[in-house]
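> Sharing a structure with you now.
Read the figures in this text as sums done on the coordinates, not as results from a lab. Everything quoted here is computed from the prediction, not taken from an experiment. Backbone-built Cβ (ideal geometry, glycine too); neighbour counts: all protein chains shown.
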Amino acid sequence: MPVHAPHRPVVRWLVTGCALIACMVAIGGITRLTGSGLSITEWKPIMGALPPMNEGEWLEAFEKYKRIPEYTLRNQLMDLDGFKAIFFWEYLHRNWGRLMGLVFIVPFAIFLRQGRLKGWLLRRTLVILTGGGLVGALGWFMVMSGLADNPDVSHFRLAIHLCAAFAVFLLVLWTVLDLQVGRRAWRVDGSAAARWSRLLLVLVVLQVVYGAFTAGLDAGRIYTTWPLMNGAFMPENVHAFGDLVKDLTDHRDGVQFVHRNVAWLVAVGCIALAILLRADPRVRRIGPWLMAAVLLQFVLGVATLLTAVQIALGVLHQLGALLLLGVLLRLIHATGRVVPPEAADEVPHVRPHAVGHRGQ
């Protein structure tokens with residue numbers, strides 16, 4: 001189904017938003033892996049857009065950093081130049097978020113005035129804007145957990161922040177698909193592909209959560225062997241706490257054990273689903289993409305583990321998760337029930353001055 005002309009600028013806007021979110025995920029990964037996330041200890045949405053402008057301001061920012069546990073317990077030998085290095089990535093991370101805010105809000109206001117956003121599309125874009133703001137708030141909620149008593153942020157809060165960012169990305173992508181191929185509902189169309197794709201999504205989301213746990217606990221830097229964990233399927237340290245829930249959610253050994261083994265389930269599930277799709281002509285073409293995405297992600301995961309989380313590989317592995325979720329979402333969208341158009345949701349009438357032609 002071709003995109004209606006009034007919606008083409010909206011699609012380009014949303015696709016740009018997807019690209020910016022993907023870049024944000026990459027920058028966030030680098031920020032985490034370089035230990036930069038706690039270098040800015042205050043949240044100033046407007047004034048924080050400016051970096052320290054002179055030596056005095058740099059020293060003031062450094063003094064604030066010296067008061068938090070990350071410095072007092074881990075980085076006592078850091079000098080001002082070292083602080084500037086970690087400051088850069090957190091500063092870029094926060095300002096990329098500000099850039100995204102402008103990229104989403106300004107065109108939204110323009111398109112709203114032009115009449116391009118009505119009905120379901122208006123409601124959807126409002127949810128996207130709200131979700132983006134929530135992701136930013138959750139980012140500060142995460143940072144706060146590392147400023148008082150612990151030298152690290154909470155891995156639970158990290159998982160919430162990452163999953164929220166992924167959710168906004170997927171909502172934007174779903175909206176693009178709605179505009180390009182027609183609206184679909186989450187409800188299944190009755191096919192086997194529809195049922196299995198949704199079950200697989202739950203498994204992939206679980207793996208994303210455990211990926212965040214692994215990052216937050218630095219669990220990827222232990223047991224850097226594969227396929228076994230230092231020669232064992234389940235080392236004794238996996239159940240060191242003696243509490244199943246705590247061992248598998250709050251302990252580095254247990255978290256890595258779950259993450260690396262759920263990866264097998266995700267890989268097998270995606271490959272099996274890709275094979276199943278061959279029998280369905282509507283979604284047959286998505287199968288090879290799904291298989292390629294999961295194999296790439298699996299290889300990146302193993303390589304990241306074997307290198308004790310080399311930064312470039314760690315970031316690519318995080319982006320691989322986003323790619324896999326995007327392909328899976330395309331399949332879920334294609335197997336959802338068609339949503340009938342509503343009178344208020346028809347193609348919008350664009351004001352003549354908005355397109356530069358009289359009488360259009």
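> Which residues, taken from region 75-123, are of a type in the set (D, E, K, R) and surrounded by 14 or more Cβ atoms within 10 Å (Cβ to Cβ)? Before you say what the answer is, go through the steps one by one.
Restricting attention to region 75-123, the residues satisfying the condition of being of a type in the set (D, E, K, R) are 79, 81, 84, 90, 94, 98, 113, 116, 118, 123.
K84, E90, R94, R98, R116, K118 - these are the residues of region 75-123 that are of a type in the set (D, E, K, R) and surrounded by 14 or more Cβ atoms within 10 Å (Cβ to Cβ).
> Could you list, in sequence order, all residues of region 82-101 that are within 16 Å of V172 (Cβ to Cβ) and without any contact (Cβ under 8 Å) to a residue 24 or more places away in the chain?
Within region 82-101, no residue meets the criteria.
> While we're here: Among (1) surrounded by fewer than 18 Cβ atoms within 10 Å (Cβ to Cβ); (2) farther than 19 Å from L306 by Cα; (3) not small (G, A, S), there is one condition H251 misses while meeting the rest; what is its number?
(1)
> Would you mind stating whether L206 is among the aliphatic types (A, V, I, L, M), in contact (Cβ under 8 Å) with a residue 12 or more places away in the chain, surrounded by fewer than 18 Cβ atoms within 10 Å (Cβ to Cβ) and not in a loop (DSSP other than H, G, I, E, B)? So that I can check it myself, show each step before the final result.
Values: among the aliphatic types (A, V, I, L, M): yes; in contact (Cβ under 8 Å) with a residue 12 or more places away in the chain: yes; surrounded by fewer than 18 Cβ atoms within 10 Å (Cβ to Cβ): yes; not in a loop (DSSP other than H, G, I, E, B): yes.
Here the answer is yes, as L206 does meet what is asked.
> Look through region 59-71, keep the residues that are surrounded by fewer than 17 Cβ atoms within 10 Å (Cβ to Cβ) and touching a residue at least 12 places away in the same chain (Cβ under 8 Å), and return whichever of them is nearest to the chain's Cα centre (by Cα).
Here is the first cut: in region 59-71, the residues surrounded by fewer than 17 Cβ atoms within 10 Å (Cβ to Cβ) are 59-60, 63-64, 66-67, 69.
With the extra rule that they be touching a residue at least 12 places away in the same chain (Cβ under 8 Å), the set shrinks to 59, 64, 67, 69.
Values: L59: 34, K64: 29, R67: 31, P69: 27 Å.
Among those that are surrounded by fewer than 17 Cβ atoms within 10 Å (Cβ to Cβ) and touching a residue at least 12 places away in the same chain (Cβ under 8 Å), it is P69.
> Let me ask something else. Just name the residue that is farthest from R221 (Cα to Cα) out of those in region 303-314 that are in contact (Cβ under 8 Å) with a residue 24 or more places away in the chain and surrounded by fewer than 16 Cβ atoms within 10 Å (Cβ to Cβ).
Residue satisfying both the conditions and the ranking: I311.
> OK, next. Please find, among R252, R285, the residue that is without any contact (Cβ under 8 Å) to a residue 40 or more places away in the chain and either aromatic (F, W, Y) or in contact with a helix residue (DSSP H, G or I) (Cβ under 6 Å, 6 or more places away or on another chain) (or both). Break it down stepwise before answering.
Values: R285 fails: either aromatic (F, W, Y) or in contact with a helix residue (DSSP H, G or I) (Cβ under 6 Å, 6 or more places away or on another chain) (or both).
Selected residue: R252, the only one of R252, R285 that is without any contact (Cβ under 8 Å) to a residue 40 or more places away in the chain and either aromatic (F, W, Y) or in contact with a helix residue (DSSP H, G or I) (Cβ under 6 Å, 6 or more places away or on another chain) (or both).
> Considering region 135-153 alone, what residues qualify as being within 22 Å of V205 (Cβ to Cβ) and surrounded by fewer than 17 Cβ atoms within 10 Å (Cβ to Cβ)?
Correct list: A137, F141.
> Among the residues of region 271-291, write down those that are over 27 Å from the mean Cα position of the chain (by Cα) and in a helix (DSSP H, G or I).
Result: I275, L276, R278, A279.
> What residue, of A22, A49, is out of contact with any strand residue (DSSP E or B) (no Cβ under 6 Å at 6 or more places or on another chain), touching a residue at least 24 places away in the same chain (Cβ under 8 Å), loosely packed, with under 15 Cβ neighbours inside 10 Å and closer than 17 Å to G136 by Cβ?
On the way: A22 fails: loosely packed, with under 15 Cβ neighbours inside 10 Å.
Unique residue meeting the criteria: A49.
> State all residues of region 216-231 that are touching a residue at least 24 places away in the same chain (Cβ under 8 Å) and either at positive phi or in contact with a Pro (Cβ under 8 Å, 6 or more places away or on another chain) (or both); if no residue qualifies, say none.
D218, Y223, M229, listed by residue number.
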